[in-house]
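Peer 1: Sharing a structure here in structure tokens format.
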Amino acid sequence: DKDDLSADDEMRRLSQKRRDVDTAAKESEELKRRAVARSPMSPDRVLHDRNCTLNIFERGEIVDYAKEGVFFTGTKSARKIIGSLTPSPTSGGDKEKAGNYGYDDERGDYNIVMGDHLAYRYEVVDLLGKGSFGQVVRCVDHKDGGIVAIKIIRNKKRFHQQALVEVGILSRLREWDPDGANATLSITSSFYFRSHLCIVTPCLSINLYELIRAHNFGGFSLPLIRRFSRQLLSCLVLLQNKRIIHCDLKPENILLCEARKADVRVIDFGSSCKEEEKVYTYIQSRFYRSPEVILGSSYGLGIDMWSLGCILAELWTGYPLFPGENEQEQLACIMEIFGPPDRHLVERSTRKKLFFDSVGKPRVTVSSKGRRRRPSSKTLSQAMKTDDEAFLDFISRCLRWDPERRMKPHEAIHHPFIT
């Protein structure tokens, strides 16, 4: 349709305008050309090769890969860690080699070496990101050919357990959405390497925050935002049908499939849960956190629709709609546009004393820059600098205080802004 054509056209123009985005796209194409499938070698053959660069730890470890086969052992220039033969090297007080035979740092993160292998199959090309869960690296898959992203989970029990939940959800998404028609990122496989759970997915392009930043926080056109919205909604409709809450929707967790096209995928199901199996109360990134989570009320699928409204507003203006410095100011940002919540919503929240006084009046908050935000002091139209009625109506229905009255994904796909 006409919108899709103009969205793709805008993406092409944007990538040509930004040399760095264009360079990233070319670099990725170059990597793909280099990534060809190889035949497996036996550990025995590798060990008897006079050019073998394996260290003493790996010479013992590689024997376990007789069944899978060996496809890659590291580039000549890879500065391999000399694996210790004892689990926790402490002598010398080298903080960099804190444990796990020298392969982990003191945080329990895997010590990544560029050009080295993961599981004698993947070649580590670069670090894509790092978070509380661990790290994500871009790799060449020397078995099947192609480029993959591998999430290496921290070697700590609680991160490992949460990652197993993510693997379960990603595996189900692969069954429900095998070709990515619902904009979900499917898992290719998962494996253990040196006590770390590793999750393999296709390698995509930059995330929407990086896209916003690459274009100097200027925001995007409505046809492009509509194109993104349709894809995100098809993901949320699928999650709604399966009663899964993503719990961390934000621009950083939405990736472009390719730098020059308007197709996206939703990633990072590391905080996700089934609606009836909620584990955490402290969820969602602050700018995209729904009021029921801030107030400590019960939450459900509606929190993802709240995040969606915040994301689409940011894609238009280039900046977060509710940029609170802390939770108190976050709620003040919401009230500045939408006024205070109804009494019954405040009454059923467990954290109301942090935000409201004994008679239910919002507590005054002052930002670090000395700014006081007054409830109902500006309209959504003023905040977003637009008077497009359909777009404003769509955003305001995503951002209703009461999750029961908030627009549902299956309703949103029929909204005039989308159709």
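Peer 1: Enumerate the pairs (first residue in the stretch 161-179 and within 11 Å of Cys273 (Cα to Cα); second residue anywhere and outside any helix (DSSP H, G or I) and among the hydrophobic types (A, V, I, L, M, F, W, C)) with beta-carbon separation below 8 Å, excluding pairs fewer than 6 apart on the same chain, so at least 6 apart or on different chains.
Peer 2: Gln162/Phe133; Val165/Cys273; Glu166/Ile199; Glu166/Phe269; Ile169/Ile244; Ile169/Phe269
Peer 1: Would you be able to say whether some residue in the stretch 29-45 is surrounded by 11 or more Cβ atoms within 10 Å (Cβ to Cβ), farther than 25 Å from Arg138 by Cβ, out of contact with any strand residue (DSSP E or B) (no Cβ under 9 Å at 6 or more places or on another chain) and not β-branched (Val, Ile, Thr)?
Peer 2: Scanning the stretch 29-45 turns up at least one residue that is surrounded by 11 or more Cβ atoms within 10 Å (Cβ to Cβ), farther than 25 Å from Arg138 by Cβ, out of contact with any strand residue (DSSP E or B) (no Cβ under 9 Å at 6 or more places or on another chain) and not β-branched (Val, Ile, Thr).
Peer 1: List the residue pairs whose Cβ atoms are under 9 Å apart, where the first residue sits in the stretch 392-408 and is closer than 15 Å to Ile334 by Cβ, the second is of a type in the set (Asp, Glu) and crowded, with 18+ Cβ neighbours inside 10 Å, and the two are 6 or more positions apart or on different chains.
Peer 2: What qualifies is Trp401/Glu292; Asp402/Glu292; Pro403/Glu292.
Peer 1: Here's something else I'd like to know. Give the residues of the stretch 177-215 that are small (Gly, Ala, Ser) and either assigned to a strand (DSSP E or B) or touching a Ser or Thr at 6+ places or on another chain (Cβ under 8 Å) (or both), sorted by residue number.
Peer 2: Selection gives Gly180, Ala181, Ala183, Ser186, Ser189, Ser190, Ser205.
Peer 1: What number of residues within the stretch 169-191 satisfy the criterion of being among the hydroxyl-bearing types (Ser, Thr, Tyr), within 23 Å of Leu118 (Cβ to Cβ) and in contact with a Cys (Cβ under 7 Å, 6 or more places away or on another chain)?
Peer 2: Number of matching residues: 1.
Peer 1: Still on this structure, please answer the following. Answer yes or no: is there a residue in the stretch 279-293 that is under 21 Å from Ile187 (Cβ atoms) and surrounded by fewer than 24 Cβ atoms within 10 Å (Cβ to Cβ).
Peer 2: yes
Peer 1: Out of the residues in the stretch 74-122 that are surrounded by 17 or more Cβ atoms within 10 Å (Cβ to Cβ), farther than 23 Å from Arg38 by Cα and hydroxyl-bearing (Ser, Thr, Tyr), state the one that is modelled with the lowest pLDDT.
Peer 2: Once the filter is applied, the top-ranked residue is Ser84.
Peer 1: Quick one: Asp179 ticks every box in (1) touching a Leu at 6+ places or on another chain (Cβ under 7 Å); (2) surrounded by fewer than 18 Cβ atoms within 10 Å (Cβ to Cβ) except a single one, so which number is it?
Peer 2: Exception for Asp179: condition (1).
Peer 1: To continue, here is another question. Do we have Glu210 as within 15 Å of the chain's Cα centre (by Cα) and assigned by the TED database to the domain that holds Ile311 here?
Peer 2: In short, yes.
Peer 1: While we're looking at this one, here's another question. Would a scan of the stretch 187-202 turn up a residue that is small (Gly, Ala, Ser), in contact (Cβ under 8 Å) with a residue 24 or more places away in the chain and closer than 26 Å to Gly108 by Cα?
Peer 2: Yes, the conditions are met somewhere in the stretch 187-202.
Peer 1: Only one of Leu185, Leu208, Leu164, Leu236 is within 19 Å of Asp8 (Cβ to Cβ) and of a type in the set (A, V, I, L, M, F, W, C); which?
Peer 2: When all the criteria are applied, what remains is Leu208.
Peer 1: If we keep just the residues of the stretch 110-127 that are touching a Cys at 6+ places or on another chain (Cβ under 8 Å) and not charged (D, E, K, R), which is nearest to Ala66 (Cα to Cα)?
Peer 2: In this case the residue turns out to be Ala119.
Peer 1: When the residues of the stretch 50-67 are filtered to those that are over 19 Å from Tyr103 (Cβ atoms) and either among the hydroxyl-bearing types (Ser, Thr, Tyr) or modelled with pLDDT of 95 or more (or both), which remaining residue is surrounded by the fewest Cβ atoms within 10 Å (Cβ to Cβ)?
Peer 2: So the residue we want is Lys67.
Peer 1: Does Ser229 meet the test of being buried (at least 17 other Cβ atoms within 10 Å of the Cβ), outside any helix (DSSP H, G or I) and not aromatic (Phe, Trp, Tyr)?
Peer 2: Criteria not met by Ser229.
Peer 1: Pick from the stretch 361-370 the residues that are basic (Lys, Arg) and surrounded by fewer than 12 Cβ atoms within 10 Å (Cβ to Cβ): which of them is nearest to the chain's Cα centre (by Cα)?
Peer 2: Lys369
Peer 1: If Leu238 meets every condition in (1) surrounded by fewer than 21 Cβ atoms within 10 Å (Cβ to Cβ); (2) within 30 Å of Asp64 (Cβ to Cβ) apart from one, which number is that one?
Peer 2: So the condition that Leu238 fails would be (2).
The values are calculated or read from the model by the stated rules, or taken from the named source; none is laboratory data. All of these numbers come straight from a predicted model, not from anything done at the bench. No Cβ is skipped: glycine too gets one built from the backbone with ideal geometry, and neighbour counts run over all protein chains shown.
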